[in-house]
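Trainee: Sharing a structure, written as structure tokens. Questions coming.
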């Protein structure tokens with residue numbers, strides 16, 4: 001478990017250079033475990049310009065292994081920060097992913113909360129892999145708009161792998177895979193309240209809302225991550241003697 005192979009973002013969001021082309025992704029215990037078995041996903045994560053720790057487990061690991069205090073920054077926080085900055089600048093934001101119903105609600109909410117933002121959206125086909133024609137359609141829609149910020153929301157690891165694979169063909173300044181944030185912002189799914197967030201139990205609230213989708217993340221990936229953390233600490237202690 002060498003978390004330092006990942007460019008984990010440790011500073012507040014306001015240090016992000018909004019004029020620099022970059023990909024910002026998130027990492028949590030589930031994505032860490034998934035990336036160990038999925039080579040393309042692993043490449044997508046480690047090639048990110050910024051990888052934000054969207055999980056208390058990552059914060060814990062950094063503290064336990066490297067005595068580093070890093071901030072837990074949810075994808076929702078990144079999304080909110082970028083929207084506020086784009087509203088100040090009159091920037092362009094493209095949402096690629098989710099259902100048309102969700103995107104319709106996002107467009108309406110953006111118009112009310114961030115009226116200076118120019119927005120375009122696209123709901124891609126719901127399938128594991130896009131055809132060549134479908135993929136080209138997505139790329140052309142994004143490039144025709146030439147967004148300052150591109151949000152990709154197709155759930156991990158599909159979204160990160162798609163962005164990594166197509167990055168060089170896409171026009172954007174900042175791109176980020178933020179998954180469930182689309183549904184949270186559109187209020188299609190309720191985001192856990194501050195009560196759960198302050199207790200670092202956002203995962204529990206989300207699991208109760210979507211147990212069938214999130215059971216593997218919480219009851220398989222999280223224990224594997226903690227066991228990995230345990231083994232790494234034991235091995236390091238043994239090497240010290």
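Every number in this text was worked out from the coordinates using simple rules, so none of it is lab data. Keep in mind that this is a model prediction, so the values were computed, not measured. Neighbour counts are summed over all protein chains in view; Cβ atoms, including those assigned to glycine, are modelled from backbone coordinates with ideal geometry.
Trainee: Could you give the spread of the C-alpha atoms of the range 32-84 along their three principal axes, from largest to smallest, in whole angstroms?
Mentor: The Cα atoms of the range 32-84 stretch 36, 28, 16 Å along their principal axes.
Trainee: Now for a different question. Would you order 26, 222, 121, 15 from fewest to most other beta-carbon atoms within 10 Å of each residue's own beta-carbon?
Mentor: Lowest to highest Cβ neighbour count: 15, 222, 121, 26.
Trainee: With a 10 Å radius around each residue's Cβ, average the other Cβ atoms per peptide and rank 41-48, 113-120, highest first.
Mentor: 41-48, 113-120
Trainee: In the range 84-125, whose amide N lies under 19 Å from the spot 7 Å out along Cα-to-Cβ of residue 140? List them in ranges.
Mentor: Under 19 Å, as judged by backbone N against the label point of residue 140, lie 95-97, 120-125 of the range 84-125.
Trainee: Here's something else I'd like to know. What is the Cα centroid distance between the range 130-178 and the range 92-121, reported in whole angstrom?
Mentor: One Cα centre to the other: 16 Å.
Trainee: Using a 10 Å cut-off around each Cβ, can you sort 187, 133 from fewest to most neighbouring Cβ atoms?
Mentor: 133, 187
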